[in-house]
Amino acid sequence: QLLESGGGLVQAGDSLRLSCAASGRTISTYAMGWFRRAPGKEREFVAAITWTGGWTYYGDSVKGRFTISRDNAKNTVYLQMNSLKPEDTAVYYCAARSGGNYYLEWGEYDYWGQGTQVTVSS
């Protein structure tokens, strides 16, 4: 089970850090990803990280502002979001897949969380 937390209501320019904690399994050998879905829009890839944390990849809309990281000892993955914009408003989901690479498609993952709402006001 993956459980996201850290969402909330912030103003444009603020920062938030999302967490994705895994229970019932260790994610130390899992590639992890973050996705988001804004109202009326399709789900969008946000960021991905390999199981070692050695490689990361970002969607164009968040590149340079968001950072994905992981702490395998805590069985947790993070998404640091800086310089937030109103267009970042969405439900954010984390996802996990057994294996070492990173993956960009929702369907390539094996497990998904329930999501956490992020709302950025202008």
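The values are calculated or read from the model by the stated rules, or taken from the named source; none is laboratory data. Given the structure is predicted, the values throughout are model-derived calculations rather than measurements. Here the Cβ is made from the backbone with ideal geometry for all residues, glycine too, and neighbour counts use every protein chain on show. These area figures cover heavy atoms from the full protein model, side chains too; ligands, DNA and RNA do not enter into them. Shrake-Rupley method; radii C 1.70, N 1.55, O 1.52, S 1.80 Å.
For the chain, the alpha-carbon radius of gyration amounts to 0.96 times the rule-of-thumb value 2.2 N^0.38 Å expected for a compact globular protein. With 0.36 nm allotted per residue and the present C-alpha distance subtracted, the THR119-GLU44 stretch has 25.4 nm of extension available.
Taking all protein chains together and rolling a 1.4 Å probe, LYS63 ends up with roughly 110 Å² accessible. When you restrict to C-alpha pairs under 8 Å that are six or more residues apart and normalise by the size of the chain, the relative contact order lands at 37 percent.
Would you work out the charge dipole size for the chain about its Cα centre, treating the Cβ of every Lys and Arg as +1 and the Cβ of every Asp and Glu as -1, and quote it to the nearest 20 debye? Don't jump to the answer; show the numbers that get you there.
Working: 12 positive and 11 negative charges, 36 e Å.
Rounded to the nearest 20 debye, it is 180 debye.
Applying both filters, DSSP loop and at most 15 other Cβ atoms within 10 Å, to the GluC sites (Glu not before Pro) of the stretch 71-122 gives GLU105.
Could you calculate the FRET efficiency of SER15 with ASP60 from 1/(1 + (r/R0)^6), where r is the beta carbon distance between them and R0 is 25 Å, rounded to 0.05? All intermediate terms of the calculation are to be shown ahead of the outcome.
Working: r = 20 Å, r/R0 = 0.80.
Working from the Cβ atoms, E equals 0.80.
For the peptides 22-31, 5-14, residues were scored by their other Cβ atoms within 10 Å and the scores averaged per peptide; the highest-first order is 22-31, 5-14.
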